[in-house]
Each structure stands twice: as structure tokens, then as C-alpha cells.
Amino acid sequence: MQFENKVAVVTGGAHGIGKCICERFAAEGARVCVIDIAENPYFRGDLSKEADVRAFAEKVLTEHGHVDYLINNALPRMRGLTDGTAADMDYALKVGVTAPFLLAKLFRPHFAPGAAIVNITSTRDSMSEPETETYAAAKGALSALTHALAMTLGGVARVNAIAPGWIEVNGASHGGPDAAQHPVKRVGVPEDIAEMALFLCSDKAGFITGEEIRIDGGMTRQLIYHGDDGWSYAGE
């Protein structure tokens, strides 16, 4: 119960990685406050709307008076250059960047000693597939926001990021090439991210701030050339 009576705020905590993070913090004794556009036990709200973000923060502070941990996990919208609109990009940035910025601002006077922020970014902040511009832009900006906040909040809260790779959030089992392509020979699961979030919020990580830790089974460290190690390029 390393987080007994600590207040953990989690955005996008209704399912997937966010839900797993909530469950792990609760199992360690934390009082978990969730905001998600989907149904959840605490607060249903849209992070793209400033009024919802402020109402959520007010509820947390009214009920608890302080915040120990803020985990920005909510998923930005993924749209590409071909079919995406300015509104899609605006929404992705509001959810993925503006909301974490605003929550840090609102909670700043109320962070408890030893507080920590963990931003869930993505390996897509530095590598991409086609037609993923809104998501990549939001995650890249959140990565930069991480080290900026770490400097501004020095002595107030440590700020770090986790960049997941392929994390299976629906319980499916992946073998064959899907698993084999990863240097660790499996696809990730939400617990891989949740455990790192717990560590980064713990006193064991007390000398870590401004960092982004990649949890992707080694995929972003894997150098690939056509014809090497069974890889082949099948494009035009």
C-alpha cells in the first residue's frame, strides 16, 4: 500500500492503459480521480472543453484539497492529412496538450510534497505511419511539454513521460510475426505501462525528472534494412 491515501488524478481512465493505471494505484491505496468522455465512477467530461477541465479540477480539490499524482493519459484523436480537418487537429491538441497544461496550472498551488506528473506520450512522437498527423503532433507536443514543465515545476513536482509502443488494450493474444518483430518477442500489455507509472510516482524515482521512458519492446532501437534478418520491403 505504498500510495495509501494519496490522491491520483488520471485522465482517460475509463479503459485501456488508463483503466489499468487506475486499478494499480487503487490497489496501492490511492484515492483515484478519473476524467473521461466515457462513463466512469468519478467524472465524465470532455478534455477538449476548458469548462469541463476546470469543473473536474474543482471537484478534485473540493473533495481532497490536494493532488499527489497527475497522470495525463487521455487519447487524442488520430486523423491524417488526407481526410483530417483543422477541427480534428484542434481537438487532438486540446485533449493531448492543452488539457495537461491546464491541469498542471490548476493543480500547481495544490501539489503535495513529493508530487509527480506522468505524461503518457507515444513512440509516435518521433516516428510515424502515414495518415497519423493529429496524433503524432499531439504526442510530440506533450513530449516537449514534459521537459518544459519539469523545469517550471522544479521543487514542486517531478514531471516525466512514458512513451508506449504497441500495447494491446483489448485482451487479444498476438503471436507469430506480431510478437516476433519485437526484440522482446511479445506485444505489450497495459500492465507494462502502469508499473512504470507507479515507479515514476514513487520515492524510488525521486531523482528523475524531465525524462521520457520508452516502453516498446525495443522496437524503436531496431535498425531495419531491406533484406536483413528476414525483413523485406513490399512497397512500390
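Nothing in this text is a laboratory measurement; each read-out follows from the coordinates by a stated rule. Values in this document were obtained by computation on a predicted structure and should not be read as measured data. Here the Cβ is made from the backbone with ideal geometry for all residues, glycine too, and neighbour counts use every protein chain on show.
Things to note:
- In nm, spacing of pseudo-spin labels at Tyr233 and Ala26 (7 Å Cα→C-beta vector): 4.9 nm
- Among the listed pairs Lys94/Lys139; Lys49/Lys105; Lys59/Lys204; Lys49/Lys139, those beyond 21 Å (Cα-Cα): Lys59/Lys204
- Added length on full extension, which subtracts the Cα-Cα distance from 0.36 nm per residue, Asp90 to Lys105: 3.4 nm
- For segment 195-209, Karplus couplings with θ = phi - 60° (6.51, -1.76, 1.60), whole Hz, Gly/Pro x: 5, 5, 4, 4, 4, 5, 8, 7, 5, 5, 9, x, 10, 10, 7
- Backbone phi angles across segment 151-164, fed through the Karplus curve with coefficients 6.51, -1.76 and 1.60 (θ = phi - 60°), yield HN-Hα couplings of 6, 5, 9, x, x, 10, 8, 6, 10, 9, 10, 10, 10, x Hz in residue order; Gly and Pro are listed as x.
- Across segment 7-221, the fraction of Cα-Cα pairs farther apart than 27 Å, rounded to a whole number, is 27%.
- Under 5 Å from the amide H of Glu211 lie the amide H atoms of Ala161, each residue being 5 or more positions distant or on a separate chain, with H modelled from the backbone and absent for Pro and chain starts.
- Under 5 Å between amide hydrogens, built in the peptide plane, is the criterion, and for Arg31 it picks out Asn5, Lys6, Val7, Ala8 among residues at least 5 positions away or on other chains.
- With helices as the sole contributors, the chain gives -10500 deg cm²/dmol at 222 nm; each DSSP H run of n ≥ 4 counts as -39500 (n - 2.57), and the sum is divided by every residue.
- Our coupling estimate for segment 173-188, obtained by passing each phi through the Karplus curve with A = 6.51, B = -1.76, C = 1.60 and θ = phi - 60°, is 9, 10, x, x, x, 4, 7, 5, 5, 7, x, 8, 6, 7, 8, x Hz, Gly and Pro reported as x.
- The chain: relative contact order in percent, alpha carbon pairs under 8 Å with at least 6 residues between: 18 percent
- q = 0.14, 0.18, 0.23 Å⁻¹, segment 1-124: log10 I(q)/I(0) [Debye, one scatterer per Cα]: -0.57, -0.91, -1.43
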